[in-house]
1. Starting from the stretch B:139-164, take each residue that is more than 18 Å from B:Phe234 (Cα to Cα) and list its partners that are of a type outside the set (Ser, Thr, Tyr) and in a helix (DSSP H, G or I), counting only C-beta distances under 6 angstrom and pairs at least six apart or across chains.
2. What residue, among those in the stretch B:248-270 that are more than 7 Å from chain A (Cβ to nearest Cβ) and within 21 Å of the chain's Cα centre (by Cα), is surrounded by the fewest Cβ atoms within 10 Å (Cβ to Cβ)?
3. Go through the stretch B:95-124 and give me each residue that's more than 10 Å from every other protein chain (Cβ to nearest Cβ), surrounded by 18 or more Cβ atoms within 10 Å (Cβ to Cβ) and either of a type in the set (A, V, I, L, M, F, W, C) or free of Cβ contacts under 8 Å to residues at least 24 places away in the same chain (or both).
4. Scan the stretch B:125-141 residue by residue and report those that are more than 9 Å from chain A (Cβ to nearest Cβ) and of a type in the set (A, V, I, L, M).
5. Which residue is farthest from the other protein chains (Cβ to nearest Cβ), if the candidates are limited to the stretch A:261-278 and must be at pLDDT below 90 and surrounded by fewer than 23 Cβ atoms within 10 Å (Cβ to Cβ)?
6. Is it fair to say A:Ala153 is of a type in the set (Gly, Ala, Ser), within 28 Å of B:Ala67 (Cα to Cα), free of Cβ contacts under 8 Å to residues at least 60 places away in the same chain and not in a helix (DSSP H, G or I)?
Amino acid sequence: MRHGKYPLIVTFLVPPLLLYLVFVVSPYLQAFQISTTDWLGYSAEADPVGLANFEALLHDGRVWNALKNNAWLLAVVPVLTIGLGLFFATMLNMGGRKGRAGVTGVRGTAVYRMVYFFPQVLSVVIIALLWKEVYHPNSGLLNGTLRAVGLPAPTWLGDPRTAFWCVLAVMVWANVGFYVVLFGAAMSAIPRDIYEAVLLDGASRWTTLRRVTIPLLWDTVQVAWIYLAIAALDGFILIQQMTNGGPNFSSDVIGLRMYETAFGSESKFGYASAIGVVLFFLTLSVAVLALRAARRDRIEYS
Amino acid sequence: MTILDKPASEGAAADERRVPRDRALRGESGAANVFSHGFLLLWGLLTVLPLLWMFISSFKSDVEILADPWGLPGALRFENWARAWTEAHIGRYFLNSAIVVAGSLTLTMLLGAAAAYVFARYEFRGRQIAYYLFVGGMMFPVFLALVPLFFVVRNAGLFGTWTGLILVYAAYSLPFTVFFLTAFFRTLPTTVAEAALIDGCGHFRLFFRVMLPMARPGMISIAIFNFLSQWNQFILPQVLMQGDDSKWVLAQGLTALAVSQGYQGDYSGLFAGLTIATLPVLVVYVIFQRQVQSGLTAGQLK
């Protein structure tokens, strides 16, 4: 029956491969080539300039400023999100420990899990626009609350000192629920008798979490780390919709810088592609570093 | 609050059912339970309040919104919804999004399943290379491709068309879809396929009649994942669907609504638009929450 397999392989593989080569592979390859030209938009002229774009990048204060903000996102968002995710997942899966009952979740686990996951199904655009209103200095939910209890009402997104951190908080808000569910799923895969044994040995809740749960979840935490690190290098939609990088570039990120360079007031396609290439290598090295740093011995339970 | 009163219905309930509820023992860990419930409730409120506020504000008048962010609407002003639906064309954009995603999701599933099946079940020259070519696409940030993609789509005469968006959405969904489904097809037993082939079943029939039905759980998971990411897509339409605003997708319509709201001060219209965009997704999610949660997290756990 082997003679019949090639028609199927060809019909099944050629259409997806074609689509993928045309719309994904070829743009990625072209991006590297365009990044070495001085292409200025819609004209056909594009002279090769070697690595001049990358050299210019080194002296571009705006780009460095944007990268600095991405570095902050990278340093804060994964730690906060994973920390909160692990905390809530632990509460939901084993917060309700009751004597000989072993390890169980608190009451209402399913409802909490459903609610926490809400932001994950919403479009980032909706989240950005909604939070922009929450932070609104006059009619916003946040300042409405602050005024109601007699506290001063800052301008949040209008203040260069706070704008970036407000967006960062939304990023954490939008992601925590997903990781609660992800870690929860991984936790429920841990055999219950391990916990029963630990309980019999009289381990405290904190020790159980630190010595048993987290080591057994390490693979999942590592995956979470990589995803969040990649997300931290992006942040484009939230920033563009909430602050557009402002006020005065205080909340700029590299994705927005690239978008503005290519499709904003100027259309420096060569230079924008160079930013894209830098972003690619940053993403790659962050992923590799996260894999390396988080590497530990795999624990298998049989 | 319903959050507290509803018993855990699924998941954790499976563990709880085996364990008889012991009232006396429950009291001992009461303090810890109050503590954990406090944090869980706080995060639940943080998640729900902005959404609830958006929903309530969509019925208020602009004066009410500006005067008191916490106040309830004086009347259910459905005219806000009507205004968002017709004047801001949220209805039309909703339909546009539905058309585009219906097309792109079908195409993604068809091509993704076909390619993944071939990678998982057939041995041929160049299989490894082709597979890693597909899967490697997951590593690249979409920003890198943005500039060349703009020209690829324009040169193909697909700029500003739904066909263009459908093809591009599908192309960029393929890496993860192929990765996920290849792993899934590999877990299916080979004996059934061998038996069918010996019985004289052709390779095409084998796929459509035997393998595809067997792969249903995996197909559903990845379909949910792709539906949400394509429905919430923002950067691709913003670059590839500029100009003609009658063809915009929902995310674009919402940002346009937010911009015009900024000029006109039509807060209630913005909240109504956001609510209209949020409600259907949220309702579908609440009904199919288990499938959605496992669909979105399954890929990460592999």
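The values are calculated or read from the model by the stated rules, or taken from the named source; none is laboratory data. For clarity, every value in this text was computed on a predicted model and none was experimentally measured. Every residue, glycine as well, gets a Cβ built from its backbone with ideal geometry; the counts of neighbours run over all protein chains shown.
1. Pairs found: B:Val152/A:Pro27.
2. My answer is B:Gln252.
3. B:Val100, B:Val101, B:Leu105, B:Met109, B:Ala120
4. B:Ile129, B:Val135, B:Met138, listed by residue number.
5. A:Ser265
6. Numbers: of a type in the set (Gly, Ala, Ser): yes; within 28 Å of B:Ala67 (Cα to Cα): yes; free of Cβ contacts under 8 Å to residues at least 60 places away in the same chain: yes; not in a helix (DSSP H, G or I): yes.
The answer is yes for A:Ala153.
Residue-wise test of (1) in contact with a Pro (Cβ under 8 Å, 6 or more places away or on another chain); (2) part of a helix (DSSP H, G or I); (3) at pLDDT below 90; (4) surrounded by fewer than 20 Cβ atoms within 10 Å (Cβ to Cβ).
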{"site": "A:Trp72", "(1), (2), (3), (4)": "no, yes, no, yes"}
{"site": "A:Ala75", "(1), (2), (3), (4)": "no, yes, no, yes"}
{"site": "A:Pro78", "(1), (2), (3), (4)": "no, yes, no, no"}
{"site": "A:Thr81", "(1), (2), (3), (4)": "no, yes, no, no"}
{"site": "A:Thr90", "(1), (2), (3), (4)": "no, yes, yes, no"}
{"site": "A:Asn93", "(1), (2), (3), (4)": "no, yes, yes, no"}
{"site": "A:Gly96", "(1), (2), (3), (4)": "no, no, yes, no"}
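Residues checked against (1) crowded, with 19+ Cβ neighbours inside 10 Å; (2) under 28 Å from the mean Cα position of the chain (by Cα):
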position	(1), (2)
A:Val14	no, no
A:Ser35	yes, yes
A:Trp39	yes, no
A:Pro48	no, no
